[in-house]
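The block underneath contains the structure these notes are about, expressed in structure tokens.
Derivation of every value follows stated rules applied to the coordinates shown; laboratory data play no part. It should be emphasised that the depicted structure is a prediction, and the values quoted were computed from it without experimental measurement. In this analysis, Cβ positions are derived from the backbone assuming ideal geometry, glycine residues included, and neighbour counts consider all displayed protein chains.
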Amino acid sequence: MSFLSGSALQRAPATSRLPPTLGAPLAALFGGERRALPLLPMLPEADQERLSLVRMLTAIASARTVDDLKLHAQQALAQYLPCQHFVFASGKLRAHRAFVHNLIHTQAMPEGCLREIVGNDGMVPPLDIDLAEHYGRPKFTTTSGLKTPTECVWANIFRRHGIANVAWMVLPGPQRNTYTGYFFVNTSTDISHENKLRMTVLAPYLHIALNRVRGAKQSDKATPQPSALLSSRETEIARWVARGKTNWEIGQILGISDKTVKTHMQNILSKLHASSRAQIAALFCDE
């Protein structure tokens, strides 16, 4: 399935001294075997702990790529919401059914479980609730607490794959009827009474960052680089314009007449739908 391919995190080697949560990837990340990072209080009072929380959330918010976000999510969860796996599922709601079109998850998350939940067409099993009515509400589900016929479908899947609990929150996507669900699988029992509040702190930062990096990725694909629209000579001239050179100076540098440079400039302005040299300079200032 296309939405599964390329969505897993790089596998990290296991270590014997760390709990079987996200501690193992962190040990690999920081080089060698280390003790698990101390768990931050839900609402830190000590200055150093408050600073650690701010840094953690800032790192998530500043993620530039999906891979960056995965990495910062691993770090944050190890310190703030320990769990065995995480899954970020984005999709669409249609006719009271949920469809998943993109998954981000830890590599250790059983792929068989994901395939049971997400069908070939992206549709997940029926739910007893309307997800849209529960946007922004933190939830904590235990497998043993799933009792209705609809819930039993989920309970059976969870049992087959060793899932005892899931802390989760669903937030609306940037387009109508779209959503992203943040699922934290087999969270630590030590903080089960705080799971919902801890998710309330983390999930909005994850959501803002994920929407931004996905939007930037789509924008990069949809909008070609300015140089892709120009000939090699036009690109060369545009780069000299960005450096503040006049037509005469560019002609001297390239060994062509300023009249030829002027003709190229007219073509550049036309192809890039620009109206001034300043706009050209702005487009090529980073090249």
Pull up all non-local amide H partners of ASN165: gap of 5 or more, or a different chain, and H-to-H distance under 5 Å with H placed in the peptide plane. THR143, ASN186, THR187
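Label the stretch 68-169 by shape, choosing from rounded, prolate and oblate, from the square roots a ≥ b ≥ c of the eigenvalues of the Cα gyration tensor; if a/c is under 1.5 it is rounded, and otherwise prolate applies when a/b is larger than b/c, oblate when it is not.
Numbers: a/c = 1.45, a/b = 1.30, b/c = 1.12.
Rounded, because the longest to shortest axis ratio a/c is under 1.5.
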Calculate one ³J(HN,Hα) per residue across the stretch 76-83 by plugging θ = phi - 60° into the Karplus curve 6.51 cos²θ - 1.76 cosθ + 1.60, and present them in order as whole Hz with x for glycine and proline. 5, 5, 4, 8, 10, 9, x, 8
Listed with the fewest Cβ neighbours within 10 Å leading, TRP248, TRP240, TRP168 appear as TRP248, TRP240, TRP168
